Amino acid sequence: MTTARVRMLSGFNHNLKYKGKIFHIQTEDGGKDNPQIITHAFLGGVILDTVRRAYEDLLESADWQEALRGRMKAQHLEEIRKLFSGAFDSQTETPSEDD
């Protein structure tokens, strides 16, 4: 009996310039043995935010990888929206001398 190996889906990586700084947004698949989508927002190697969402509910579906790809893309885009909406500004702005 042979078992088909299911590889993790390749993720998404974007470097985005916002307020003069380069942020990195990365989304990856934890794999079928660890079914979660993990997204990190980085600035200079420092993690500003992490989002983890389970996807066990997809594994019984015949087209689960296609559905997973859609969820990964949606989660990745949501993290980009958070960045550009200013969600990380308080973590990344340097205080002025008046503060």
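The values are calculated or read from the model by the stated rules, or taken from the named source; none is laboratory data. All of these numbers come straight from a predicted model, not from anything done at the bench. Don't worry about glycine lacking a Cβ; one is built from the backbone with ideal geometry, like all the others, and counts go over all protein chains shown. SASA here: full protein model, heavy atoms, side chains in, ligands and nucleic acids out. Shrake-Rupley method; radii C 1.70, N 1.55, O 1.52, S 1.80 Å.
Annotations
- Accessible area per residue was computed with a 1.4 Å probe on protein heavy atoms; residue 90 scores about 100 Å².
- When the chain is treated as a Gaussian network with alpha carbon springs shorter than 10 Å, the biggest mean-square fluctuation among 25, 37, 47 belongs to 47.
- Calculated mean residue ellipticity at 222 nm for the chain: -8000 deg cm²/dmol, from DSSP H runs with n ≥ 4 weighted as -39500 (n - 2.57), summed, divided by the residue count and rounded to 500.
- Counting Cα-Cα pairs of the chain in 10 Å increments starting at 0 gives whole-percent bin shares of 14, 40, 25, 13, 5, 2, 0, 0.
- Residue by residue, region 51-58 carries 3J(HN,Hα) couplings of 10, 10, 9, 6, 9, 3, 4, 7 Hz when phi is fed to the Karplus relation 6.51 cos²θ - 1.76 cosθ + 1.60 (θ = phi - 60°); x denotes Gly or Pro.
- Residue-count net charge about residue 59 - beta-carbon cut-off 11 Å; Lys, Arg +1, Asp, Glu -1: -3
- Computed from backbone phi, the HN-Hα couplings of region 19-34 come to 6, x, 10, 9, 9, 10, 10, 10, 10, 9, 8, x, x, 4, 7, 9 Hz, rounded to whole numbers (Karplus: 6.51 cos²θ - 1.76 cosθ + 1.60, θ = phi - 60°; Gly and Pro given as x).
- Note on residue 64 and residue 52: their simple-model spin labels are 1.9 nm apart, each label 7 Å out from Cα toward Cβ.
- Close amide H contacts of residue 18 (hydrogens built in the peptide plane, cut-off under 5 Å, sequence separation of 5 or more or a different chain): 23.
- Degrees between helix 64-84 axis and first principal axis of the chain (Cα, 0 to 90, nearest 10): 0
- With at most 12 neighbouring Cβ atoms within 10 Å, loop trypsin sites (Lys or Arg not before Pro) (DSSP) excluded, longest segment of the chain: 20-99
- Extension gain, residue 34-residue 74: 0.36 nm per intervening residue step, less the Cα-Cα distance, totals 12.5 nm.
- Most fluctuating residue given options 60, 78, 28, as computed from a GNM of the chain linking Cα atoms under 10 Å: 60
- Carbon/sulfur fraction of accessible area - the chain, other protein chains in place, 1.4 Å, %: 48
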